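Peer 1: What follows is a single structure, and I will ask about it in a moment.
Read the figures in this text as sums done on the coordinates, not as results from a lab. This structure is a prediction, so every number in the text was calculated from the model and none was measured. Here Cβ is always computed from backbone atoms with ideal geometry, including for glycine, and neighbour counts include all displayed protein chains.
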Amino acid sequence: MPVYEYRCPACQAKFRVLVGMVAGEEDTKCPKCGGMQANRLVSRFARYRNEDDRIDEIADRLEMMGEPDSAAGMREIVRDLGKAMDEDVSDEIEELFEADMAGELADDE
């Protein structure tokens, strides 16, 4: 089933609608204001990848760039990995980074 993007001329909200293959052309209701005159937009092609593909892409990026040069670079990669796994781990990771920078984490050596 295709996903179409629409824009409401009344409130300028942009939204997506999953449309059945046999659905007729009918006015689409805006979820924000309830307007019935939404215009279908020309959108980019969406390529949905599974979790393994997203993680492989990040692993390839890491391999090409080597070890991150800064804590900010490492944070970005960890956030990207969290998004790739559909898990929001940013708060937990941020706490770990802050604890490490403050010297509160013990080395396991």
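Peer 1: What is the spin-label model distance, in nm, from I93 to S70 if the labels are put 7 Å beyond Cα along the C-beta direction?
Peer 2: Reported label-point gap for I93 and S70 is 1.7 nm.
Peer 1: Oh, and also: If packing is taken as the mean number of other Cβ atoms within 10 Å per residue, what is the order of 63-72, 49-58, highest first?
Peer 2: Working: 63-72: 9.2, 49-58: 12.3.
Packing order, densest peptide first, comes out as 49-58, 63-72.
Peer 1: With each label point set 7 Å from Cα along the Cα-Cβ vector, what nm distance links R16 and M36?
Peer 2: For R16 paired with M36, the spin-label model returns 2.7 nm.
Peer 1: Next question, about the same structure. Taking Rh as the Kirkwood radius computed over C-alpha pairs, what is the Stokes-Einstein D of region 51-101 at 20 °C in a medium of viscosity 1.002 mPa s, expressed in µm² per second?
Peer 2: Details: Rh = 11.4 Å.
Using the Kirkwood radius from Cα pairs, D works out to 187 µm²/s.
Peer 1: Here's something else I'd like to know. Work out, step by step, the length gained on full extension between R7 and R79: first 0.36 nm times the residue separation, then minus their alpha carbon distance; give nm to one decimal. All intermediate terms of the calculation are to be shown ahead of the outcome.
Peer 2: On the way: separation 72, 0.36 × 72 = 25.92 nm, distance 3.05 nm.
Result for the pair: 22.9 nm of gain on full extension.
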